[in-house]
Amino acid sequence: MSTQVPDSQTQTETETETEETPGDRARARRDAAREDRAQKEAAEESLEDEETVHLKVFRYDPEVEGKMEPRFDDFHVPFEKGMTVLDALIYARDTYDASLTFRHSCRQAICGSDALFVNGKQRLGCKTQLSELADPVRVEPLPHAEVRKDLVVDMSHFYDQMEAVEPYFQTDETPDGELEEQRQTRENREKIKMSTRCIWCGACMSSCNIAAGNNEYLGPAAINKAYRFAMDEREGEDMQQHRLNIIEQENGVWRCQTQFSCTEVCPKDIPLTEHIQELKREAVKNNLKFW
Ligand code: FES
């Protein structure tokens with residue numbers, strides 16, 4: 001006796017078999033995460049096998065005879081699992097050359113003082129794992145800023161631009177009770193949340209071609225700071241108008257050409273370009289006149 005299954009039935013069973021369930025998707029995600037972890041561990045192990053990381057570090061000292069000519073120095077640093085670029089620099093300074101100069105403080109991506117140009121990209125030294133970088137690791141000062149010594153750049157222009165947007169809370173009304181806090185709604189806090197994460201590291205400004213070519217441009221960090229306060233519902237209408245006047249000036253938001261380089265390098269994942277575009281929309285609305 002024939003036990004052949006009708007074609008239509010076979011097809012339906014096949015379709016049922018291949019249909020992806022939420023469980024399948026979760027399994028696939030877990031597998032991908034496991035594979036990712038395994039790759040990272042393999043990369044770290046291969047570095048541990050090599051035992052050292054080769055750093056090529058930019059050196060320049062305008063005050064010392066013989067060191068005035070910019071150059072790269074090579075350091076071979078013993079690798080340990082979890083080591084960051086900042087860890088390697090500290091080791092190189094403490095072990096090989098005490099004159100190697102760079103800024104750092106918190107070592108946990110909070111103070112913003114160790115933004116560097118590592119393997120061709122603006123990054124925080126303390127947040128960048130050596131295991132994720134190609135060897136040799138090339139460490140340079142932030143581009144588009146004057147180098148003071150080795151990896152230390154002059155940040156005064158960056159601070160001037162930040163200062164220009166009045167980066168502090170200014171309200172028309174103060175609470176009746178002197179010590180009473182000024183509350184904002186949960187939705188408003190959510191709206192400005194990402195913009196408050198800026199740590200003033202200057203990575204975005206250094207990555208911006210427009211800021212590099214125009215010293216007057218406020219730059220992404222300052223505009224993001226302006227966004228943080230312009231969108232805060234606790235500042236009154238007069239202050240909001242004042243803030244819009246600052247950002248819609250000739251070298252304000254309209255200089256941004258939406259290149260997204262600032263967003264790509266921000267170590268705190270702030271959607272800088274998006275914030276600038278939103279302020280452009282606010283500036284347009286501010287200038288619309290209805291008769
Ligand atoms: Fe503070 Fe890296 S040392 S952000």
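The values are calculated or read from the model by the stated rules, or taken from the named source; none is laboratory data. Just so it is clear, the structure is predicted and the values come from calculations on it, not from any experiment. Note: ideal-geometry Cβ built from the backbone for every residue, glycine included; neighbour counts use all protein chains shown.
Structure notes:
- Residues of the stretch 91-118 satisfying the condition of being within 20 Å of HIS54 (Cβ to Cβ) and out of contact with any helix residue (DSSP H, G or I) (no Cβ under 9 Å at 6 or more places or on another chain): TYR91, ALA92, ARG93, ASP94, THR95, TYR96, ASP97
- Residues located in the stretch 95-138, provided they are part of a helix (DSSP H, G or I) and farther than 23 Å from LYS67 by Cα: GLY125, CYS126, LYS127, LEU130, SER131, GLU132
- Flag for CYS126 being modelled with pLDDT of 95 or more, within 11 Å of the ligand (Cβ to nearest atom) and surrounded by fewer than 17 Cβ atoms within 10 Å (Cβ to Cβ): no
- Residue within the stretch 182-202 that is within 16 Å of the ligand (Cβ to nearest atom), in contact with a Cys (Cβ under 7 Å, 6 or more places away or on another chain) and in a helix (DSSP H, G or I) present: no
Yes or no, residue by residue, for (1) under 10 Å from PHE158 (Cα atoms); (2) exposed (fewer than 15 other Cβ atoms within 10 Å of the Cβ); (3) modelled with pLDDT under 95:
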position: SER207; (1), (2), (3): no, no, no
position: ILE210; (1), (2), (3): no, no, no
position: GLU216; (1), (2), (3): no, yes, no
position: ILE223; (1), (2), (3): no, no, no
position: ARG234; (1), (2), (3): no, no, yes
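- In the stretch 102-123, residue nearest to ARG59 (Cα to Cα) [restricted to those that are surrounded by 17 or more Cβ atoms within 10 Å (Cβ to Cβ) and more than 13 Å from the ligand (Cβ to nearest atom)]: PHE117
- Annotation note: Cβ proximity below 9 Å between a residue of the stretch 103-128 that is farther than 16 Å from ASP150 by Cα and a residue that is within 6 Å of the ligand (Cβ to nearest atom) and part of a strand (DSSP E or B) (sequence gap 6+ or interchain) occurs for ALA109/LEU124; GLY112/LEU124.
- Here ALA33 meets the list (1) at pLDDT 75 or above; (2) in contact with a helix residue (DSSP H, G or I) (Cβ under 8 Å, 6 or more places away or on another chain); (3) of a type in the set (A, V, I, L, M, F, W, C) almost entirely, failing just condition (2).
- Checked against the criteria, ASP135 does not count as surrounded by fewer than 13 Cβ atoms within 10 Å (Cβ to Cβ), over 18 Å from GLY219 (Cβ atoms) and more than 16 Å from the chain's Cα centre (by Cα).
- Some residue of the stretch 156-172 being more than 16 Å from the ligand (Cβ to nearest atom), modelled with pLDDT under 95 and over 29 Å from ASN245 (Cβ atoms): no
- Note on the stretch 73-94: among residues that are buried (at least 17 other Cβ atoms within 10 Å of the Cβ) and assigned to a loop (DSSP other than H, G, I, E, B), the one that is farthest from the ligand (Cβ to nearest atom) is PHE79.
- Of the residues contained in the stretch 239-251, none is found to be in contact with a Lys or Arg (Cβ under 7 Å, 6 or more places away or on another chain) and aliphatic (A, V, I, L, M).
- Residue pairs whose Cβ atoms lie under 6 Å apart, separated by 6 or more positions or on different chains, with the first residue in the stretch 155-176 and exposed (fewer than 15 other Cβ atoms within 10 Å of the Cβ) and the second hydrophobic (A, V, I, L, M, F, W, C), are GLN170/MET239.
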